[in-house]
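Colleague: Structure incoming, see below.
Read the figures in this text as sums done on the coordinates, not as results from a lab. It should be emphasised that the depicted structure is a prediction, and the values quoted were computed from it without experimental measurement. Positions of Cβ are generated from backbone atoms using ideal geometry, with glycine treated the same way; all protein chains shown enter the neighbour counts.
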Amino acid sequence: QQSSRPVWSCVSAGISTMHAQTMGCKRIDHGSIARRPAAWLFVPGSRRSVLAFANGRIPLRGRGGYGEDVELPPRTAEDTGRPCAGNIMPTTRRYPVRQLDAPLTMKQFPVTVDVATSAERESAMLEEHQRLVVEEESIGRDVLLLIGMVTAVAFVCSVDRAAMSVTILPMSQQFGWDSSVKGAVSSSFFAGYMITNIFGGYLATRFSPQYVLAAGVLLWSLFTVDTPLAAEASSDSLTSLLVVRAIMGIGEGVAYPSIQNIVRKSVPGQIRTRSLSFIYSGHQLGTIASYLSSPSIMAAYGWPTVFWSFGSLGFLWLSAWIPLSYAASNRSDARNRMAGKPAPALSFPSTDETAADVLASDSPIPWGKIASSPAVWAIVAAQVTVGIGSGLSFSWLPTYFTSQFGVEPDQASYLCLVPFGVTVIATNCAGWIADGLVNNGRFTRTQTRKVMQSIASFGPALCLLSLSSDSHNTDNLQGAVVLVTAWLALGGFSAAGYGSNHQDLSQKYSGMLFGLSNGLASIAGSASIYATGLILKSNNNDWSLIFELAAGFYIVGCLIYLTWASSEEEF
């Protein structure tokens with residue numbers, strides 16, 4: 001339909017312009033935007049149609065649509081009547097939207113309001129509908145596969161790391177270690193872990209993150225398997241064991257910065273928080289698996305078998321990851337389009353692409369802006385203080401149950417299963433709640449992050465203070481398990497707090513920001529683990545001071561986060 005005045009022309013099979021206007025699509029003059037070529041397209045899984053206009057973005061609404069929110073022309077006073085989402089035909093529910101990477105051109109969408117015939121328009125829309133259906137179904141499968149593989153490596157990472165928390169009890173009996181030596185052995189892992197956390201984000205951005213991750217898995221798996229040999233060689237001196245544990249930490253240090261970059265590139269924004277929460281819960285599941293299986297393995301085959309069996313899981317994961325990432329990185333978008341297939345969502349940034357993103361660009365990495373950003377330091381404060389509490393639970397929880405309540409080492413491991421199991425559920429719930437609050441417009445992203453982090457910091461602080469006040473009661477084992485469970489479960493909400501905040505501040509440097517904050521958190525965690533051993537040795541295994549200090553850190557870190565945290569993109 002042609003008109004001297006600009007109108008939104010609604011063209012789709014079975015929907016006339018008059019019918020579209022009846023449904024609420026009114027005449028609006030938005031200047032140059034209104035005069036651009038436009039077409040109404042079918043949406044997979046829905047009977048709705050949406051307007052595609054040539055301003056570089058296209059709203060795609062309906063089943064399978066993912067991505068960032070798009071900016072639509074603002075409604076005017078003239079645009080009244082039945083409620084519309086911007087200038088989109090009215091719907092009964094809110095749909096996620098997907099943003100095209102490239103500007104919309106008439107070559108991509110040849111249907112125009114003034115030129116194309118009705119038959120041509122219908123044919124073009126049907127063809128586009130079929131393409132979107134196939135592409136969106138492929139994206140869903142590939143994204144789920146990616147999330148599953150990354151969650152699996154988080155599981156392996158945690159299993160290998162938690163092995164020492166359980167085996168250190170029989171190891172200390174065999175080699176005659178006291179609490180200070182156990183603290184040194186446990187903290188040596190974090191000495192290496194903090195190094196590659198700080199630089200791991202840069203490595204995962206400079207090189208392909210899937211290969212950086214694979215190199216890290218190979219390194220930590222080798223030295224996990226080598227741990228028993230190093231322990232036997234360290235009967236007189238701990239040097240060999242400390243070095244092996246530190247190198248294992250170096251390997252694990254690149255894992256989460258690489259995961260951050262992979263998720264940022266391949267996981268849609270509207271499900272990113274819940275995806276990260278699910279990945280983090282894989283880490284917690286690994287801890288559960290380690291606590292659950294280690295006592296049985298030690299009883300049947302001895303503590304060295306724990307390291308050998310857990311270390312082999314990394315090689316098993318690599319056997320699936322390397323062929324998958326190699327195939328994904330070498331599939332060409334042009335070849336897929338020529339074959340009539342969509343470009344795969346499971347496509348990681350290649351070495352050339354990531355190097356070009358950061359190093360070959362005209363603007364260097366904004367280290368000055370990163371260092372002077374209050375929002376960055378708010379994340380660091382929250383992550384460091386939560387890391388102190390996490391390190392305490394991760395490395396000392398079995399020892400706490402053994403020394404405080406006199407339970408056997410295998411029973412102490414089983415008692416740890418309940419807190420970590422509930423934490424898995426809480427972490428995933430936090431991701432879904434956060435995405436729901438943001439996607440439904442109930443809270444802004446910044447408000448959501450602060451609410452989640454308040455739960456994750458103030459809740460554990462209260463639990464730790466309760467444990468401290470009851471630390472001299474050696475008969476209340478059940479009450480201690482309940483408080484520890486609440487402490488760790490509430491702490492799981494940090495996955496939707498600071499844990500997802502890095503990607504809010506920067507899409508490009510999210511891995512580097514995570515590596516920076518996690519590296520500093522690892523330094524604090526390593527120091528706290530070693531300090532815990534010294535405090536226990538000096539005050540005859542009295543845990544009250546340790547719990548009080550950890551609670552204080554939680555509170556201070558959360559107050560800083562609430563003051564300066566932001567989800568506005570800065571870099």
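Colleague: Please give the FRET efficiency for residue 442 paired with residue 236, using the beta carbon to beta carbon distance and R0 = 56 Å, rounded to the nearest 0.05.
Modeller: 0.35
Colleague: How much length is gained if the chain between residue 372 and residue 537 is pulled fully straight, taking 0.36 nm per residue apart and subtracting their Cα-Cα distance, in nm to one decimal?
Modeller: 55.4 nm
Colleague: Mind giving me the nanometre distance, one decimal, between the label points for residue 559 and residue 308, set 7 Å out from Cα along Cα→Cβ?
Modeller: 5.3
Colleague: What percent does the relative contact order of segment 143-254 come to when contacts are Cα pairs within less than 8 Å and at least six residues apart?
Modeller: Relative contact order comes out at 35 percent.
Colleague: So which of 182/369; 369/450; 182/265; 182/508 end up more than 32 Å apart by C-alpha?
Modeller: Table pairs above 32 Å Cα-Cα are 182/369; 182/265; 182/508.
Colleague: Then there's this: So how far apart, in nm, are the two label points at residue 215 and residue 469 if each is 7 Å from Cα heading toward Cβ?
Modeller: 5.2
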